[in-house]
Amino acid sequence: MNIAYWTVAGLLAIFYVYAGTLKVIRSRDQLRPMMAWVDRVPLPAVRALGAVEILGAAGLVLPPLTGIAPLLAPAAAIGFVLLQTGAITVHLMGEDRRITLNAGLTVTAAVTLWLATRL
């Protein structure tokens, strides 16, 4: 279970650090080609979402690694499930049917949550 957790949580963390960093540092014009929804959300909210993704990625990795506050790892995984549920809602409300990545991330976060409770 330990290897499975680190594999799944590590990949999820890498994804969210990358996506979060893009949201924090790039302009709306630079984000638009890969994130069509950025025009429907205020830029400060996009930046805040990026910061939350980076902090959540740290929450998946640092607590189990250091042994400090280990309950933060499942909390971060729950946060990512909720985040992606909201993302799917935003996509569908904007008539954007490209939710495959979001559904995959939701499942991956749920698996990470399950594995985190088994550590």
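The values are calculated or read from the model by the stated rules, or taken from the named source; none is laboratory data. Owing to the predicted nature of the structure, the values given are computational and were not obtained by experimental measurement. Cβ: placed from backbone, ideal geometry, glycine included. Neighbour counts: every protein chain shown. With ligands, DNA and RNA removed, areas are computed over all heavy atoms of the protein, side chains included. Shrake-Rupley method; radii C 1.70, N 1.55, O 1.52, S 1.80 Å.
The table below gives the values:
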read-out	value
Near pairs, Cβ below 7 angstrom, 6+ apart or cross-chain, from region 11-29 (within 12 Å of V52 (Cβ to Cβ)) to any residue that is surrounded by 12 or more Cβ atoms within 10 Å (Cβ to Cβ) and among the basic types (K, R)	K23/R47; V24/R47
Exclusive hit being part of a loop (DSSP other than H, G, I, E, B) and free of Cβ contacts under 8 Å to residues at least 24 places away in the same chain, set P44, P33	P33
Residues being open to solvent by 40 Å² or more (accessible area, probe 1.4 Å), among the aliphatic types (A, V, I, L, M) and touching a helix residue (DSSP H, G or I) at 6+ places or on another chain (Cβ under 7 Å) - total across region 68-79	4
Long-range neighbours under 6 Å by Cβ, at least six apart or interchain, first residue at pLDDT below 95 within region 70-95, second among the aromatic types (F, W, Y) and open to solvent by less than 50 Å² (accessible area, probe 1.4 Å)	V90/W37; G94/W37
Meets criteria (more than 19 Å from V8 (Cβ to Cβ) and open to solvent by 40 Å² or more (accessible area, probe 1.4 Å)) for V90	yes
Residues of region 108-119 satisfying the condition of being in contact (Cβ under 8 Å) with a residue 40 or more places away in the chain, in a helix (DSSP H, G or I) and open to solvent by 20 Å² or more (accessible area, probe 1.4 Å)	T108, V111
Hits in region 49-67 - residues which are over 11 Å from T21 (Cα atoms), assigned to a helix (DSSP H, G or I) and out of contact with any helix residue (DSSP H, G or I) (no Cβ under 7 Å at 6 or more places or on another chain)	A58, L62, L65, T66
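Residues are listed down the side, and each one gets a yes or a no for (1) modelled with pLDDT of 95 or more; (2) closer than 21 Å to T100 by Cβ; (3) open to solvent by less than 80 Å² (accessible area, probe 1.4 Å):
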| site | (1), (2), (3) |
| --- | --- |
| M1 | no, no, no |
| I14 | yes, yes, no |
| G20 | yes, yes, yes |
| I25 | yes, no, no |
| L31 | yes, yes, yes |
| A36 | no, yes, yes |
| R47 | yes, no, yes |
| G50 | yes, no, yes |
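Listed here are the residues, each with its yes/no results for (1) hydroxyl-bearing (S, T, Y); (2) outside any helix (DSSP H, G or I); (3) within 20 Å of N2 (Cβ to Cβ).
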position	(1), (2), (3)
A77	no, no, yes
Q84	no, no, no
I88	no, no, no
H91	no, no, no
L101	no, no, no
T106	yes, no, no
